[in-house]
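This report concerns only the one structure given below.
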Amino acid sequence: MPEQRVSYTGERVYVGVDVHKETYTVTCVCRKQIVKTATVPAEPARLAASLLRWFPGATVASAYEAGFSAFVLHRALTQGGITNLVVNPASIAVAANDKVKTDRRDSKKLARDLADGRLQGISVPTEAEELARLLPRTRAQLVEPRATLARQSKAKLHQCGLITPKGQRMISHQYLQEIATWALPSELRVSLTLLAEQWRLTTRQLIEMRHLLREQAQAQGEIEKVSRSVPGIGAVVARTFATELGDMSRFANERALFSYTGLTPSEYSSGAAIRRGHISHQGSSRVRHLLVETAWRALPRDKVLQESFDRVAATRGKKRAIVAMARRLIGRMRACFREGTLYAVGTYV
């Protein structure tokens, strides 16, 4: 007799997807029972079609961890009529004695946590928002190699005794032209010439990127205006905040904004004892790093902020104090977006 197929009409099926570059490992749960496991090629549209084919008539929900794969899979699943969550990996609870990690176990945990309602998705940007983030992120990727090239050039000069360890002159077009006139061994000249060519190329690319960021800022005039009104925020940092955080009034409250940027302190409390520890580190590490940098730059420009920093630092230390000031700054920025005003330096609110 032919095998009778199970009907999923009217059922709810929960799918956990463990994402890799070449494959997706999938675990499907229905009525708290695993009904299917599979490893399929990493083709988003094909996975969405397969889930609908496996469970005709069912309401399908899925989840996968945020990572290198970004949101292409999310969009393919939602376009196929599947409700999907992209989950921050740090928010998934793991037992202290759970030392085994495999793709199938990971997808199984995602599916069961989704079925039990224990997962909360991150905010998924639109395609336009995701593309806008590419410009400041690409600029950041160019800045570090350029700085490395400059350090490598100076290291070779120091190695050959041509500059002193205390030499503070920065690599520039003029400095490279001067070096080219020096009488150097042929091997050193070739090495420095190659590094100089790479440095000049990266510099030209950064100049081009500056023009593109300026055009992008003009297209987001209102967001740019609020960001640039904050002490310590320049053109580049404003672009990062504008593309990563957007109009901050979209956050329901400050707590949601702090959680999104990973600036929420962890808490270990029991009874009357309340202990707060390190920040959660969820969200973009680059945004968090820039927020702390901005707070340091804002202190000498905002007397009230400096007073608050000194007060917290006296009892909790400078590291915790500057994170607190970063939270205050980003909270004030959100208030500016909500009220349609610019940042007011020296206010106690």
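The values are calculated or read from the model by the stated rules, or taken from the named source; none is laboratory data. The shown structure was predicted, so the numbers you read here are calculated from the model rather than taken from an experiment. Note that we place each Cβ from the backbone using ideal geometry, even for glycine, and neighbour counts take in every protein chain shown. The accessibility values were calculated without ligands, DNA or RNA, using every heavy atom of the protein model including side chains. Shrake-Rupley method; radii C 1.70, N 1.55, O 1.52, S 1.80 Å.
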Task: Computed Kirkwood radius, in angstrom, where 1/r is averaged over Cα pairs of the stretch 119-227 - done: 16.9
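Just subtract the alpha-carbon distance of GLN198 and VAL94 from 0.36 nm times their residue separation and send over the number in nm, one decimal.
Numbers: separation 104, 0.36 × 104 = 37.44 nm, distance 4.57 nm.
Net length gain for the segment: 32.9 nm.
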TODO: State the extension gain, in nm to one decimal, for the chain segment bounded by SER285 and THR23, taking 0.36 nm per residue of separation less the distance between their alpha-carbons.
DONE: 91.6 nm
Task: Per residue, the convex hull volume that the Cα atoms of the stretch 86-176 enclose (Å³) - done: 219
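May I ask you to give the solvent-accessible area per residue for the chain, in square angstrom, as obtained with a 1.4 angstrom probe? Intermediate values should be presented prior to the final figure.
On the way: 20540 Å² over 349 residues.
Each residue of the chain exposes 59 Å² on average to a 1.4 Å probe.
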- [ ] Evaluate the Kirkwood expression for the hydrodynamic radius of the chain, namely the inverse of the mean inverse distance over all pairs of different C-alpha atoms, and round to one decimal in Å.
- [x] 24.3
- [ ] For the stretch 1-92, state which GluC sites (Glu not before Pro) are in a DSSP loop and have at most 10 other beta carbons lying within 10 Å of their beta carbon.
- [x] GLU3, GLU22
Task: Cβ-based charge dipole, the chain, positive-most Cα from ASN253, ALA235, GLN168 - done: GLN168
Task: Semi-axis lengths, Å, the stretch 77-137, gyration tensor of Cα atoms, sqrt of 5 times eigenvalues - done: 28, 16, 11
Task: Cleavage-rule hits (chymotrypsin sites (Phe, Trp or Tyr not before Pro)) in the stretch 1-77: DSSP loop, at most 15 neighbouring Cβ within 10 angstrom - done: PHE68
- [ ] Find how much the distance from ARG151 to ASP116 grows on full extension, using 0.36 nm per residue of separation minus their present alpha carbon separation; answer in nm with one decimal.
- [x] 7.3 nm
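Normalising by the residue count of the stretch 74-209, find the relative contact order in percent from Cα pairs under 8 Å and 6+ residues apart.
Details: 52 pairs, mean separation 33.2, N = 136.
Relative CO of the stretch 74-209 lands at 24 percent.
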Task: Qualifying chymotrypsin sites (Phe, Trp or Tyr not before Pro) for the stretch 152-254 [loop in DSSP, other Cβ within 10 Å: at most 12] - done: TRP182
TODO: Just grab the label-to-label distance for GLU11 and SER172, each label 7 Å out from Cα along the Cβ direction, in nm (one decimal).
DONE: 7.1
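Please tell me the relative contact order of the chain in percent, rounded to the nearest whole number, where contacts are Cα pairs under 8 Å and at least six residues apart.
Numbers: 424 pairs, mean separation 41.3, N = 349.
Once normalised by length, the contact order is 12 percent.
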TODO: Set the Förster distance to 22 Å, then compute FRET efficiency between LEU212 and SER123 from the Cβ-Cβ distance, nearest 0.05.
DONE: 0.30
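Rounded to the nearest 500, what is the 222 nm mean residue ellipticity of the chain from helices alone, with -39500 (n - 2.57) per DSSP H run of 4+ residues and division by all residues?
Values: 13 runs with 183 residues, N = 349.
Helix contribution divided over all residues of the chain: -17000 deg cm²/dmol.
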TODO: Pick out which of HIS158, HIS289, HIS20 has the largest mean-square fluctuation in a Gaussian network model of the chain, springs linking Cα atoms closer than 10 Å.
DONE: HIS158
Open item on the list: Could you check the spin-label model distance between LYS101 and GLU43? Points 7 Å from the Cα along Cα→Cβ, value in nm.
Closed with: 3.0
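Tell me whether the stretch 1-133 comes out rounded, prolate or oblate; compute the Cα gyration tensor, take square roots of the eigenvalues as a ≥ b ≥ c, and use a/c under 1.5 as the rounded threshold.
Numbers: a/c = 1.71, a/b = 1.23, b/c = 1.39.
Taking the square roots of the gyration eigenvalues as a ≥ b ≥ c, the stretch 1-133 is oblate.
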TODO: Order LEU245, LEU131, LEU85, most accessible first, counting only protein heavy atoms with a 1.4 angstrom probe.
DONE: LEU131, LEU85, LEU245
